[in-house]
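Take a look at the structure set out below.
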Amino acid sequence: MAIMITDECINCGACEPECPNTAIYEGGVEWTWGEGTSLDEVDFGDGTVVSGKEKQAPVSDEFYYIVTDKCTECVGFHEEPQCAAVCPVDCCVDDPDNEEEEETLLAKKAWMHGE
């Protein structure tokens, strides 16, 4: 299950530097697949290929956000999601709409980091 940041976020930024996948961004900031990963490009399997450097639209304009497809819940890096561990208001929580097994999270980690 990916982690999400709720609207209780106080925009303190404590979570952002803790993410080993660079999946956390400040509200309104564009993100890329390649930042914090080894992805030069992403092939979506439907003929769409995106450069790892291509800017993507922010998920939120108001609060820090987590790019679900880059979140591995810190599996393979740490014993618990580091964003949740450092959040002073406990707004980094499991995303019920994006449940993933540990095996899937490890495969995502390997895909993003070329392992």
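When we screen 95, 61, 43, 90 for residues that are surrounded by fewer than 16 Cβ atoms within 10 Å (Cβ to Cβ), under 17 Å from residue 15 (Cβ atoms) and either of a type in the set (Asp, Glu) or over 14 Å from the mean Cα position of the chain (by Cα) (or both), the only hit is 90.
With the structure loaded, tell me whether residue 102 is in contact (Cβ under 8 Å) with a residue 12 or more places away in the chain and either within 15 Å of the chain's Cα centre (by Cα) or loosely packed, with under 15 Cβ neighbours inside 10 Å (or both) or whether it fails that test. The answer is yes for residue 102. Please state which of the following conditions residue 58 fails to meet, knowing it meets all the rest: (1) in contact (Cβ under 8 Å) with a residue 60 or more places away in the chain; (2) in a loop (DSSP other than H, G, I, E, B); (3) farther than 15 Å from residue 110 by Cα. Condition (1) is where residue 58 drops out. Inside segment 38-55, residues that are among the hydrophobic types (A, V, I, L, M, F, W, C), outside any loop (DSSP other than H, G, I, E, B) and farther than 27 Å from residue 92 by Cα make up a count of 2. Candidates are the residues of segment 6-37 that are closer than 18 Å to residue 75 by Cα and either part of a strand (DSSP E or B) or among the polar types (S, T, N, Q) (or both); the one that is farthest from the chain's Cα centre (by Cα) is 37. Scan segment 102-114 and give yes if some residue there is at pLDDT below 95 and assigned to a loop (DSSP other than H, G, I, E, B), otherwise no. For segment 102-114, residues at pLDDT below 95 and assigned to a loop (DSSP other than H, G, I, E, B): present.
The values are calculated or read from the model by the stated rules, or taken from the named source; none is laboratory data. A quick note: this is a predicted structure, and the numbers were derived from the prediction, not measured. So basically every Cβ, Gly included, is an ideal-geometry build from the backbone, and we count neighbours across all protein chains shown.
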